[in-house]
Amino acid sequence: MGNLLKVLTRDIENYPHFFLDFENAQPTEGERDVWNQVNSVLQDSENILLGLQAYKGAGQEIRDAIQNPSDHMLQERAWNSVCPLVIKLKKFYSFSLRLEEALQSLLECLTCPPFTPTQHLEREQALAKQFAEILHFTLRFDELKMRIPAIQNDFSYYRRTISRNRINNMNLDIENEVNNEMANRMSLFYAEATPMLKTLSNATTNFVTENKTLPLENTTDCLSTMASVCKVMLETPEYSSRFSSEDTLLFCMRVMVGVIILYDHVHPNGAFNKSSKIDMKGCIKVLKEQPADNVEGLLNALKFTTKHLNDESTPKNIRTMLQ
């Protein structure tokens, strides 16, 4: 446990390695099976983000169709524009289900007895890195999604068109891909401001609920330890200067915010309470010391996707820092 304790106590003189090696951690033989399973999911994450970045809605086609309801050609053009977008939205949604499964596999490994969560994070660096990569992807996806209002507009048009039977002889093959039940589930997913984060919060909550013999502290300690280590790595130049890429700093910030949000959803008292094992004041301070463009979305995530920020037990100075 040396690496971890060195980081948490900031005893870093003459110590060549920091705890969470986000850049170079490789799986040991004992981690290999779960690592391979999770890696098969993470390998697709960049393509998912590229697909979301390239998302161009069918706003004009939909407006033309709505304004000219008797023009069959415009109806067909809007429908043919929306259908491939709906297939793409289904792909994103299906990926969220794979991500949920991967996260639960990692939680199982990082919290199970006989080791403590701290010992797990120390021993299973590659799995801790994958946990971090899932959170990093999640916040990036949600930041992008929030800037694309066309997603909900396109999907709403698709559902209205199907339900009102206004497509007559148009191609109905898509109904085999996105039937009414699937459309309902996708609609709930995209109605969330941060759908991937909501998926992970639910996955973590379900993990705790379903594993009744596992002490809650095993999960919350895993999350709070990751948050603490990220904070120390960010605020300590001796650590942050060792990152080979500046992107690792932003990676670290996203991971810290991600585990705070999960902790806040799972712990009965949340992350902001004085009894919390996360130094929220310190974490927010670290974020606010970064360039505003890098952290605006992360501060908003803490404001709008946590569960306990507005509880009476949240210290006023914490709420003030996030205003």
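For segment 239-254, what are the residues that are out of contact with any Leu (no Cβ under 8 Å at 6 or more places or on another chain) and either in contact (Cβ under 8 Å) with a residue 12 or more places away in the chain or not polar (S, T, N, Q) (or both)?
Selection gives 239, 242, 244, 245, 246, 247, 248, 250, 251.
Among the residues of segment 142-184, those that are in contact with a Phe, Trp or Tyr (Cβ under 7 Å, 6 or more places away or on another chain) and either farther than 22 Å from residue 66 by Cβ or at pLDDT below 70 (or both) comprise 167, 170. The set of residues from segment 19-51 being more than 11 Å from residue 125 (Cα to Cα) and in contact with an Asp or Glu (Cβ under 7 Å, 6 or more places away or on another chain) comprises just one member, 42.
Which of the residues spanning segment 184-204 are in contact (Cβ under 8 Å) with a residue 60 or more places away in the chain, out of contact with any Pro (no Cβ under 8 Å at 6 or more places or on another chain) and open to solvent by 10 Å² or more (accessible area, probe 1.4 Å)? Matches in segment 184-204: 185, 193, 194, 198, 199, 202.
Go through segment 285-294 and give me each residue that's under 14 Å from residue 250 (Cα atoms) and either in a loop (DSSP other than H, G, I, E, B) or modelled with pLDDT of 90 or more (or both).
Let us first name the residues in segment 285-294 that are under 14 Å from residue 250 (Cα atoms), namely 286-294.
Result: 286, 287, 288, 289, 290, 291.
Residues of segment 89-107 being open to solvent by 50 Å² or more (accessible area, probe 1.4 Å) and aliphatic (A, V, I, L, M), which ones?
Within segment 89-107, the first condition is being open to solvent by 50 Å² or more (accessible area, probe 1.4 Å), and the residues that meet it are 91, 97-98, 101.
Within segment 89-107, 97 is the sole residue that qualifies.
Per-residue answers, yes or no, for (1) modelled with pLDDT of 90 or more; (2) among the hydrophobic types (A, V, I, L, M, F, W, C); (3) over 24 Å from the mean Cα position of the chain (by Cα); (4) closer than 21 Å to residue 220 by Cα:
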| position | (1), (2), (3), (4) |
| --- | --- |
| 45 | yes, no, no, no |
| 56 | yes, no, no, no |
| 62 | yes, yes, yes, no |
| 70 | yes, no, yes, no |
| 86 | yes, yes, no, no |
| 99 | yes, yes, no, yes |
| 107 | yes, yes, no, yes |
| 119 | no, no, yes, yes |
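Scanning segment 67-92 for residues that are farther than 17 Å from residue 180 by Cα, in contact with a helix residue (DSSP H, G or I) (Cβ under 8 Å, 6 or more places away or on another chain) and not in a loop (DSSP other than H, G, I, E, B) yields 74, 75, 77, 78, 81, 92.
Under the condition of being among the small types (Gly, Ala, Ser) and part of a helix (DSSP H, G or I), which residue from segment 217-247 is surrounded by the most Cβ atoms within 10 Å (Cβ to Cβ)?
If we filter segment 217-247 for residues that are among the small types (Gly, Ala, Ser), which is where we start, we get 224, 227-228, 240-241, 244-245.
From what's left, part of a helix (DSSP H, G or I): 224, 227-228, 240.
On the way: 224: 21, 227: 27, 228: 21, 240: 16.
My answer is 227.
Quick check on segment 230-263: of everything there that is acidic (Asp, Glu) and within 20 Å of residue 292 (Cβ to Cβ), which residue is modelled with the lowest pLDDT?
Ranking the qualifying residues of segment 230-263, first place goes to 246.
The lone criterion from (1) touching a residue at least 60 places away in the same chain (Cβ under 8 Å); (2) within 30 Å of residue 294 (Cα to Cα); (3) not acidic (Asp, Glu) left unmet by residue 147 is number (1).
Return yes or no: is residue 207 surrounded by fewer than 22 Cβ atoms within 10 Å (Cβ to Cβ) and either without any contact (Cβ under 8 Å) to a residue 40 or more places away in the chain or farther than 30 Å from residue 94 by Cβ (or both)?
Working: surrounded by fewer than 22 Cβ atoms within 10 Å (Cβ to Cβ): yes; either without any contact (Cβ under 8 Å) to a residue 40 or more places away in the chain or farther than 30 Å from residue 94 by Cβ (or both): no.
In short, no.
The values are calculated or read from the model by the stated rules, or taken from the named source; none is laboratory data. Since the structure is predicted, the reported quantities are computational estimates derived from the model, not experimental observations. Don't worry about glycine lacking a Cβ; one is built from the backbone with ideal geometry, like all the others, and counts go over all protein chains shown. Only protein heavy atoms, including side chains, enter the accessible area calculation; ligands, DNA and RNA are left aside. Shrake-Rupley method; radii C 1.70, N 1.55, O 1.52, S 1.80 Å.
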